[in-house]
1. Starting at the first residue of region 28-44, write each ³J(HN,Hα) from the Karplus equation 6.51 cos²θ - 1.76 cosθ + 1.60 with θ = phi - 60°, in whole Hz, x for Gly and Pro.
2. On the protein heavy atoms, probe 1.4 angstrom, tell me the percent of accessible surface of the chain carried by carbon and sulfur.
3. If we count every other residue with Cβ under 15 angstrom of Arg218's Cβ, Lys/Arg +1 and Asp/Glu -1, where does the sum land?
4. Can you run phi through the Karplus equation (6.51, -1.76, 1.60; θ = phi - 60°) for region 95-104 and list ³J(HN,Hα) in whole Hz, with x for Gly and Pro?
5. Over its Cα atoms, what ratio of radius of gyration to 2.2 N^0.38 Å does the chain give?
6. Taking the convex hull of the Cα atoms, report for region 3-125 its projected area averaged over all directions, in nm².
7. On average, how much accessible surface per residue is there in region 3-125, in Å², for a 1.4 Å probe, leaving out ligands, DNA and RNA?
8. On a 0 to 90° scale, report how tilted helix 51-64 is relative to the longest principal axis of the chain, with both axes built from alpha carbons and the result rounded to the nearest 10.
Amino acid sequence: MASILYYGSHQHADNEVTVHISRRAMENSTGFVYGSIETWSVTGVLQADTLTALKTAMDQFEAAYREPNRDLIWKIGDKVVHQMLNDDTAYGVRVVVPPHFPRGDAPGELVNRRSYAFVVEAAFLLPASASTADNIYVVNYESNLSYTGTGGTTFGHLPTLTGLHQKQVLTETSLVTAQQTGMKSGIGFYPEPDAPFPHLADYEKTDRRNIRQGNPRRFNNTQFEFPIYWTYTFERNQPFPAAT
């Protein structure tokens, strides 16, 4: 039964290729696996009766694999045994090692045959599970909280005509500020920013809330990772309560 490989509109000859398929995990910053990268390492032999016909076949073969984002399908007979459908991938089907010809000195090379090899790769996301507490497509996450001040006295230094500046208490108490910052990156979407921490929410200066959507990171000329950033500012006339 014939084994045939298709890439876009290009069809290899029956039983022309040998295909080796490997996969490696795609992990977020915590090591959680949210997808896999599939790699097809393909070797084969072009054959023709004359060098002219062989050169034509080589040109057509190389031209086909210069096109990105094409479906790659491997059939045995009429049965699809493996496939990379471009629409099912995270950022397209990529020819990561273009066609090359590693056996220049083998018998028959450039007479009536030409041995070749190439590598095609694509990423596939795992389906999101309803039982997953956090969205598996949030692949980067940071959250920070900083405090400024203690609520204590403030002082200044007044200039004098001679000698050192004079230290003087300006107020017996001062304001305490806090800032909550963070970011998330989502695969294919902008995630929702974190809400203000519950123990600080009543003290937020809402007029200073800042939420920013960053430029999407592109991969294979496709918008892939979408970052969002947030900053919340809090103010109080004494130290903030601790989180419970």
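1. 7, 5, 9, x, 6, 7, 10, x, 8, 9, 9, 10, 10, 9, 10, 10, x
2. 50
3. Combined, the nearby Lys, Arg, Asp and Glu give +1.
4. 8, 7, 10, x, x, 9, 10, x, 10, x
5. Rg over 2.2 N^0.38 Å, computed on Cα atoms: 1.73.
6. Reported value for the Cα convex hull: 8.3 nm².
7. Result: 53 Å² per residue.
8. 20
The values are calculated or read from the model by the stated rules, or taken from the named source; none is laboratory data. Everything quoted here is computed from the prediction, not taken from an experiment. Cβ sites come from the backbone with ideal geometry, for glycine too, and all protein chains shown count toward neighbours. Keep in mind that these areas ignore ligands, DNA and RNA; they rest on the heavy atoms of the full protein, side chains included. Shrake-Rupley method; radii C 1.70, N 1.55, O 1.52, S 1.80 Å.
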